[in-house]
1. Looking only at the range 59-103, count every residue that is free of Cβ contacts under 8 Å to residues at least 60 places away in the same chain, touching a strand residue (DSSP E or B) at 6+ places or on another chain (Cβ under 7 Å) and of a type in the set (Lys, Arg) and tell me the total.
2. Within the range 90-123, how many residues are assigned to a loop (DSSP other than H, G, I, E, B), of a type in the set (S, T, N, Q) and over 14 Å from the mean Cα position of the chain (by Cα)?
3. For the subset of the range 82-111 comprising residues that are within 13 Å of ligand 2 (Cβ to nearest atom) and among the β-branched types (Val, Ile, Thr), which member is farthest from LEU129 (Cα to Cα)?
4. Of the numbered conditions (1) under 19 Å from ASN25 (Cα atoms); (2) away from ligand 1 (no atom under 12 Å from the Cβ); (3) surrounded by fewer than 17 Cβ atoms within 10 Å (Cβ to Cβ), LYS88 satisfies every one except a single condition; which is it?
5. Filter the range 1-23 for residues that are buried (at least 19 other Cβ atoms within 10 Å of the Cβ) and among the small types (Gly, Ala, Ser); which is nearest to GLY118 (Cα to Cα)?
6. Report every pair of residues separated by at least 6 positions or lying on different chains whose Cβ atoms are under 7 Å apart, first residue within the range 29-50 and of a type in the set (A, V, I, L, M, F, W, C), second loosely packed, with under 12 Cβ neighbours inside 10 Å.
Amino acid sequence: MKSQRTFAIIKPDAVKKNATGDILNMIHTAGFRIIGMRMLEINREQAEGFYAVHAERPFFASLCEFMSSGPIVVLALEKENAIADWRKLMGATNPANAEAGTIRKKHAANIEHNAVHGSDAEDTARFELSYFFAGYELF
Ligand code: ATP
Ligand code: MG
C-alpha cells in the first residue's frame with residue numbers, strides 16, 4: 001500500500017498532563033513519520049470550524065470549549081495506511097473501551113477528554129491537514 005497522510009491532535013488534557021513526549025514516542029515507535037508539528041492554542045470559533053461536522057451533536061459546545069481550553073499539538077503523520085493505523089493506535093473514543101497498548105487506554109480520562117484526535121477518512125484528512133498546515137510546512 002502506498003504512503004498516506006493523516007492529521008492528528010494531542011488534545012489539551014494530554015498536553016496539560018505532560019503526556020506529549022510519551023505520545024510522540026508511541027507515534028515514532030509505531031512507524032509514523034512526523035512531517036509537520038506545531039503547538040498552539042485555538043479559540044472557540046476555530047474549534048467550531050474544525051469540528052463543523054459535529055455541529056448537531058449534543059456534545060458539540062462542550063467539545064469546542066474543551067478544545068480551546070489550552071495548548072494543543074497538531075501533527076501531520078505519514079506512513080502506509082496512516083489513517084486506519086493512527087486510529088488503531090489511538091484506541092476507542094471512550095477509553096473504557098480502548099484496547100491495551102493504545103494511547104487512549106494509557107492517557108485518556110473519559111469519552112470527551114480523550115487525549116488525541118485522528119482523521120477518520122481520506123477526505124477528512126485532507127480538510128483537517130489544510131485547516132492547520134500550509135503545504136510548505138510539511139516535510
Ligand atoms: P476524534 O474525532 O477526536 O479523533 P473519534 O473519531 O474517536 O475522535 P468522534 O465521534 O469523531 O470520535 O467525536 C469527536 C470527539 O468528540 C471525541 O474524540 C470526543 O472528544 C468528543 N466526544 C465524542 N462523543 C462524545 C460524547 N458522547 N460525550 C462527550 N464528548 C464526546
Ligand atoms: Mg472523529
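Read the figures in this text as sums done on the coordinates, not as results from a lab. Predicted model, so just to flag it, every value in this text is computed and none were measured. Heads up, the Cβs are rebuilt from the backbone with ideal geometry, glycines too, and the neighbour counts pull from every protein chain shown.
1. 1
2. The number of residues fulfilling the criteria is 2.
3. By that ranking, first place goes to ILE111.
4. (2)
5. Here the answer is ALA8.
6. Qualifying pairs under 7 Å: ILE35/PHE139.
Here is a yes/no grid of residues against (1) closer than 23 Å to LYS105 by Cα; (2) away from ligand 2 (no atom under 15 Å from the Cβ); (3) surrounded by fewer than 17 Cβ atoms within 10 Å (Cβ to Cβ):
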{"position": "ASN25", "(1), (2), (3)": "yes, yes, yes"}
{"position": "GLY31", "(1), (2), (3)": "yes, yes, yes"}
{"position": "GLY36", "(1), (2), (3)": "no, yes, no"}
{"position": "ARG44", "(1), (2), (3)": "no, yes, yes"}
{"position": "PRO71", "(1), (2), (3)": "yes, yes, yes"}
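Residue by residue, here is whether (1) near ligand 1 (Cβ under 10 Å from one of its atoms); (2) not small (Gly, Ala, Ser) holds:
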position	(1), (2)
SER69	no, no
LYS79	no, yes
THR93	yes, yes
ASN114	yes, yes
HIS117	yes, yes
ALA121	no, no
